[in-house]
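Note sheet for the following structure.
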Amino acid sequence: MNTAGGAGAQISPNLAGRLAADFAQCYQVFKTSNPTYANQCLVSAEHIFDLANTTPSSLLTVAPNSFYPETEWRDDLELGATEIYFALQPGNLPGGLPHTDPMFYLTAAANWANAYIHGPNDAADTLNLYDVSGLAHYELYRAIGLAGASGLAVTQADLLSDLNKQLSKAVTQAGTDPFGFGFPWATYDTTSHGAGLAVMASEYTFLSGTNTYTDFGTRWLANILGTNAWGTSLIVGDGSTFPDCMQHQVANLAGSLNGSPPVLLGAAVEGPNSFAAKGTLTGMRTCPQNGADVFAQFNNTKAVYKDFVPSFFTVEPAIDLTASSPLAFAWQIAGAPSGTP
């Protein structure tokens, strides 16, 4: 994260923004039950945000960068600043904070939202592990309403318009797919994008008071739960047909290989892609055990899906891939949020 090393060195802004958001939410969750821990979280959130390198030449993800070549970071700082605003807004703050005025962070969040909206990657993606603007805009919209603020770099209307811009592109894409999916199947991270689109549709319904994307959101969630050409859920344990042969060490070595317990419940896999990887590792348990590719008959010349343990292109699970799905399900179960953000 801190490639220069040493105290005070700058942090890649994509990581700084997300970590600041994480620590700010930590404060909000634990400030009553564990105030000492919560206070440490909030101080850390502010320090990390202050260390963000806002003129990056490249973003740190992994080494080499080309393995996960992230390019957008303004949305991350928008999210981080917004969550710190929510943490500071109620008052009764711990000592040692670099900034105690919540408007400092609301102003910063609006500035970064404006930079994203007018930047090179606006609406080039939707909510997933690489782009969190679909969540950041929603949170900032609510923060502006809570503050009753005006004169910021963006308005609530600007944020809603940008969410609409992203969702409108997904609807156009859905029109090209027989199952109405809002993201191309022959691309990485199809499952993560499907859940993210469902989240964004719910957010837009809540903020706009319209049902413009409500049905689309339901459809996009259904797409990753089995309403697709392969007839399989892409989340382990959801539905009767889901990945058995994940490219995951623990699931492969200690789990079942036929869908019966124990399985890695709730894990979201990559999903259909343009290619299914091959190969093997020492000690890897063969899966499927009979070698049959039951989904091959549903592949086309562009998109393929293979439930095959070496195929990290299609059945590798990951925390970042899974992150959008609990939020999508929360919207379905609980509906609109209530109370003060």
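What follows is calculated from the coordinates using simple rules that are stated; it is not laboratory data. Only a predicted model underlies this, so the values are computations on that prediction, with no experimental measurement involved. Note that we place each Cβ from the backbone using ideal geometry, even for glycine, and neighbour counts take in every protein chain shown.
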(Q) Need the C-alpha centroid separation for the stretch 288-320 versus the stretch 62-99, integer Å. (A) 36
Q: Divide the volume of the convex hull of the Cα atoms of the stretch 182-341 by its number of residues and quote the answer in cubic angstrom per residue.
A: 116
Q) Highest GNM mean-square fluctuation, the chain, Cα pairs closer than 10 Å: which of TYR68, TYR116, TYR213? A) TYR68
Q. Taking the Cα atoms only, what angle lies between the long axis of helix 74-88 and the longest principal axis of the chain, rounded to 10 degrees?
A. 60
Q) Among GLY335, VAL199, PRO243, whose Cα sits farthest toward the positive end of the charge dipole of the stretch 182-341 (+1 at Cβ of Lys/Arg, -1 at Cβ of Asp/Glu, about the Cα centre)? A) PRO243
Q: Order the peptides 120-133, 167-180 from the highest to the lowest mean number of other Cβ atoms within 10 Å of their residues.
A: 120-133, 167-180
Q | Protection proxy ranking of 248-256, 305-313, 236-244, 45-53 - average other beta-carbon atoms within 10 Å, highest first | A | 305-313, 45-53, 236-244, 248-256
Q) Mind checking which of LEU221, LEU159, LEU281 has the largest fluctuation in a GNM of the chain, springs on alpha carbons under 10 Å? A) LEU281
Q: Using the Karplus curve 6.51 cos²θ - 1.76 cosθ + 1.60 with θ = phi - 60°, work out ³J(HN,Hα) for each residue of the stretch 202-210 in order, rounded to whole Hz, and write x for Gly and Pro.
A: 5, 4, 5, 4, 5, 6, 8, x, 10
Q) Among TYR204, TYR188, what is the fewest-to-most ranking by other Cβ atoms within 10 Å? A) TYR188, TYR204
Q. Rounded to the nearest 20 Debye, what is the dipole magnitude of the chain about its Cα centre when Lys and Arg each give +1 and Asp and Glu each give -1 at the C-beta?
A. 420
Q: Please find, in a Gaussian network model of the chain (springs between Cα atoms separated by less than 10 Å), the residue of GLY17, GLY279, GLY96 whose mean-square fluctuation is greatest.
A: GLY279
Q. Only one of the listed values, [x] 61, 23, 14; [y] 36, 23, 19; [z] 59, 22, 20, was derived from the coordinates as semi-axes √(5λ) of the Cα gyration tensor in Å; which label is it?
A. [y]
